[in-house]
Amino acid sequence: MEDHEIYAAVGEDGFRRLVSAFYRQVPTDDILGPMYPPGDLAGAEQRLRDFLVGRFGGPPRYVEERGHPRLRMRHMPFAVTAAARDRWVELMTRALDDARFPAGADALLREFFAAVATMMINRE
Ligand code: HEM
């Protein structure tokens, strides 16, 4: 399996379930909860979903609406410490466990999230 084939393998519904399982855990999380906009969690959920859909072979809605991702830059306003990075990956790992994607898609996504999350660290 290659990155751009993941959307075909898990579908729009797969990404919807994954991102929804991630965000379900955010409000009560002691590190991540306070970082996300309390009044716009649904918007945050949609931005992550649209980004992932486009990144993995689906319609490019994120780029159409938000432009070039520039994820590291967009995360600068948030204090992404190593602890926040580890927690983010932990929540996403749980969401992937719930989603039960085909093995090839699952492995690529786990690797991707771990690597990108490490790149987002921007504070000691
Ligand atoms: C490392 C830990 C991370 C933390 C603490 C974090 C936190 C946040 C926060 C607080 C936001 C603002 C929510 C909003 O959209 O209103 C955000 C946005 C976003 N994050 Fe993360 N994030 C992390 C890692 C990641 C990773 C690994 C990805 C990609 C796989 C990602 C993708 C995004 C995207 C696409 C947005 C929306 C950007 C925009 O268009 O404004 N984040 N993140």
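Read the figures in this text as sums done on the coordinates, not as results from a lab. Just so it is clear, the structure is predicted and the values come from calculations on it, not from any experiment. A quick note on method: Cβ atoms are made from the backbone with ideal geometry, for glycine too, and the neighbour counts reach across all protein chains shown.
Would you please name the GluC sites (Glu not before Pro) within the stretch 1-99 that are DSSP coil residues with at most 15 other C-beta atoms within 10 Å of their C-beta? Working shown, then result.
Numbers: sites: Glu2, Glu5, Glu12, Glu45, Glu64, Glu65, Glu90; in loops: Glu2.
Passing sites in the stretch 1-99 are Glu2.
Using +1 on the beta carbon of Lys and Arg, -1 on that of Asp and Glu, and nothing else charged, what's the dipole of the chain about the Cα centre, debye to 20?
Numbers: 17 positive and 19 negative charges, 63 e Å.
I would put it at about 300 debye.
In the chain, with Lys and Arg counted as +1 and Asp and Glu as -1 at Cβ, which of these residues, Ser20, Leu96, Ala107, has the Cα nearest the positive end of the dipole, that is, farthest along it?
Final value for the positive-end residue is Ser20.
Given bins 5 angstrom wide, list per bin the percent of all Cα-Cα distances in the stretch 19-124, short to long.
Computed distribution, short to long bins: 2, 11, 20, 27, 24, 12, 3, 0.
Once you mark the trypsin sites (Lys or Arg not before Pro) that are in a DSSP loop and have at most 15 other Cβ atoms within 10 Å, what is the longest gap between them in the chain?
Numbers: sites that count: Arg70, Arg100, Arg123.
Here the longest segment lacking exposed loop sites spans 1-69.
For every helix of n ≥ 4 consecutive DSSP H residues, a contribution of -39,500 (n - 2.57) applies; sum these over the chain, divide by its total residues, and give [θ] at 222 nm rounded to the nearest 500 deg cm²/dmol.
It lands at -20500 deg cm²/dmol.
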